[in-house]
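The values are calculated or read from the model by the stated rules, or taken from the named source; none is laboratory data. Predicted model only: the values in this text are computed from it and were never measured. Cβ placement follows ideal geometry from the backbone for every residue including glycine, while neighbour counts extend to all protein chains displayed.
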Amino acid sequence: MLRPHELQIAEHAPAAGCSLEEAQQYTRWLATHHYENFHVVSFLLPKGLHQDFYNVYSFCRWSDDLGDEMGDKSESLRLLGWWRGELHKMYAGEAVHPVLEAALGIRPEHLAYPVGDATSAGPREFRIAAELGFKTATTTRPGVLFKAHREHLTALPRISVNGEFQQQRYMKVLMSGAGTALLNRFRRVNAA
């Protein structure tokens, strides 16, 4: 039973928790040196996208090798389970595999819930966002920030700046809190 760091694909991989630069060097190396690779990046691709393509290729390369190169289905499944665990660690903000570190670059600290109505995110989503380590999360609930929001950082309101309210005179009213105070029936925090 192989350990992940004993795999051929891991031969040049830096240790988990390495610097972003080391992680990116590894994905560049893997994308240009793996025996089964093809030209991931060509001169037609804008230079600013090269590293992103190396990162995505490396994630796919690891996934494919773990599934195809082990010679034993149960070993492949075990290692793919480990790979899934590495993804979960990344989302939890724990030490991550260099390929995942390179692909992500930095771990996001702030979240904006998808657009929807006021019920699109509720206590369950607020709890999950906090458990995943997000410092703040913005809901689609209209409102401005108050001191009491310090206790509900994953349930923050937002001011909608859409096609209807893009004029400066509307922004001043919205940012004053007057419009959302009426809409929220003068409740300052709506974290339920």
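Please work out if MET90 is at pLDDT below 85, over 15 Å from the mean Cα position of the chain (by Cα) and crowded, with 16+ Cβ neighbours inside 10 Å.
The answer is no for MET90.
I'm trying to understand the selection: among the residues of segment 14-62, which are among the small types (Gly, Ala, Ser) and buried (at least 17 other Cβ atoms within 10 Å of the Cβ)?
If the condition is that a residue be among the small types (Gly, Ala, Ser) and buried (at least 17 other Cβ atoms within 10 Å of the Cβ), then ALA16, ALA23, ALA31, SER58 are the ones that fit.
Has segment 5-13 got any residue that is crowded, with 17+ Cβ neighbours inside 10 Å and part of a helix (DSSP H, G or I)?
Scanning segment 5-13, I find at least one residue that is crowded, with 17+ Cβ neighbours inside 10 Å and part of a helix (DSSP H, G or I), so the answer is yes.
Tally the residues that are of a type in the set (Val, Ile, Thr) and either without any contact (Cβ under 8 Å) to a residue 60 or more places away in the chain or not assigned by TED's automatic domain parsing to the domain that holds GLU86 (or both), restricting the search to segment 6-27.
0
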